[in-house]
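The values are calculated or read from the model by the stated rules, or taken from the named source; none is laboratory data. Keep in mind that what you see is a predicted model, and the values were worked out from it rather than measured. Note that each Cβ is placed from the backbone with ideal geometry, even for glycine, and that neighbours are counted across all protein chains shown.
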């Protein structure tokens, strides 16, 4: 009987210690702060990114840089000056390949449309080129074309050529 009372007193002492430590820790612990997740930013879809869903052309970052545009009155004679992968710029006419599988489809006053394996993409002229007026327009068949503001029926744009060197009378 003596042993049962001793074991019972040890078990009750352990329960008393556990209960006391639990309530002491409950009263001594700091108040919990509620942490909320930062608000999720709503993604804003731009018109250019949604245009591809409805058959429009998307303005995308690509390996093609538009350096200049030459507009001609028959649009199929227009040219674009394009640099591919940072290489030297090359002049490409409408419906010709820029590189294998990439074809120049349209030329406009400040952008061109290319077909990248059947997918239409828009390549814009850099803003600094637009601001400094480095866009060339050549109207060679119809005077007074509306693409050039202020052009009347008598004006034609002629390219400026450097003067020819004087001829040597001994050469024939």
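Taking the stretch 83-105 on its own, how many of its residues are farther than 16 Å from residue 120 by Cβ, part of a strand (DSSP E or B) and under 20 Å from the mean Cα position of the chain (by Cα)?
2
Just to be sure before I move on: is residue 12 modelled with pLDDT under 85, assigned to a helix (DSSP H, G or I) and either out of contact with any strand residue (DSSP E or B) (no Cβ under 6 Å at 6 or more places or on another chain) or closer than 30 Å to residue 120 by Cα (or both) in the structure I sent? First the steps, then the outcome.
Numbers: modelled with pLDDT under 85: no; assigned to a helix (DSSP H, G or I): yes; either out of contact with any strand residue (DSSP E or B) (no Cβ under 6 Å at 6 or more places or on another chain) or closer than 30 Å to residue 120 by Cα (or both): yes.
No: the conditions fail for residue 12.
Scan the stretch 47-62 and give yes if some residue there is surrounded by fewer than 16 Cβ atoms within 10 Å (Cβ to Cβ), at pLDDT below 80, part of a loop (DSSP other than H, G, I, E, B) and in contact with a strand residue (DSSP E or B) (Cβ under 6 Å, 6 or more places away or on another chain), otherwise no.
Going residue by residue through the stretch 47-62, those that are surrounded by fewer than 16 Cβ atoms within 10 Å (Cβ to Cβ) are 47-56, 58, 60-62.
Remaining after also requiring at pLDDT below 80: 47-56, 58, 60-62.
Remaining after also requiring part of a loop (DSSP other than H, G, I, E, B): 55-56, 60-62.
Among the residues that remain, those that are also in contact with a strand residue (DSSP E or B) (Cβ under 6 Å, 6 or more places away or on another chain) are: 60.
There is at least one residue in the stretch 47-62 that is surrounded by fewer than 16 Cβ atoms within 10 Å (Cβ to Cβ), at pLDDT below 80, part of a loop (DSSP other than H, G, I, E, B) and in contact with a strand residue (DSSP E or B) (Cβ under 6 Å, 6 or more places away or on another chain).
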